[in-house]
Amino acid sequence: MANKRHIIFSAFVLMALVFSTSLAAQKDLVRAQDRVEIEQLMWNYIRALDSGNAETYAALFAPDGQFGRGATAVKGREALKKMVSDARQKTDAENKNGKKTPRMFHVVTNPHIEFIDKDHARYHAYWMGAFASGGGITSAGREVNELVRMNGQWLISVRDVDPQD
């Protein structure tokens, strides 16, 4: 009888161990998928910015998302779309007036994703803006972006390219 109880107890412990290991593995898999989705979000952000695609750029933000912090922050998708569109129009106008502005590329390095909870994360990185064809580096800095998952999709809530900490 004691042997039978020992076998039942052992089976119960084994099942509990398998179940908890399965849950941990599933959580790790979900977290890995979140990382891939966030990396894709930030790649899409840089591509939209560098190509001047205002529609795509704004769509990568939460509806109330913002670029910057404080009184000068650009808030909401329409304002974000206008910000990128205006920058693109300025560059196009300069190019038409004979001032050939080389294409700018943004380079992101040392990214780190910090998960706050299952639907919130921070994306930390260093960045620089560089002109093509030997035009040099125009700017550099550090960024801390607040990300939110809405309707199953990761979006930028706050993009801060000049954090004060």
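When the helix-only estimate is applied to the chain (DSSP H runs of n ≥ 4, each -39,500 (n - 2.57), divided by the residue count), what is the mean residue ellipticity at 222 nm, nearest 500 deg cm²/dmol?
-16500 deg cm²/dmol
Using the Cα centre of the chain as the reference point, and only Cβ charges (+1 on K/R, -1 on D/E), how large is the resulting charge dipole? Debye, rounded to the nearest 20.
Working: 22 positive and 19 negative charges, 49 e Å.
The calculation lands at about 240 debye.
How high is the FRET efficiency from residue 35 to residue 91, r the C-beta distance, R0 35 Å, rounded to 0.05?
0.55
Measuring from label point to label point, each 7 Å out along Cα→Cβ, what is the residue 110 to residue 69 span in nm?
1.8
Collect residues whose amide H, placed 1.01 Å from N in the peptide plane, falls under 5 Å from the amide H of residue 101; neighbours closer than 5 in sequence don't count.
95
Between residue 119 and residue 83, what's the calculated FRET efficiency when r is the beta-carbon distance and R0 is 22 Å? Round to 0.05.
The computed FRET efficiency comes out at 0.25.
Using a 1.4 Å probe on the protein chains only, how many percent of the accessible area of the chain belongs to carbon and sulfur? Before the final figure, lay out each step's value.
On the way: 6380 of 10820 Å².
C and S fraction of accessible area: 59 percent.
With a 1.4 Å probe and all protein chains left in place, how much accessible area per residue does the chain have, in Å²?
66
Using Cα pairs under 8 angstrom and six or more residues apart, how large is the relative contact order of segment 80-165, in percent?
Details: 138 pairs, mean separation 16.7, N = 86.
With pairs under 8 Å counted, the relative contact order is 19 percent.
The values are calculated or read from the model by the stated rules, or taken from the named source; none is laboratory data. These figures come from a predicted structure and were not determined experimentally. Backbone-built Cβ (ideal geometry, glycine too); neighbour counts: all protein chains shown. Calculation scope for accessible area: heavy atoms of the full protein, side chains included, ligands and nucleic acids excluded. Shrake-Rupley method; radii C 1.70, N 1.55, O 1.52, S 1.80 Å.
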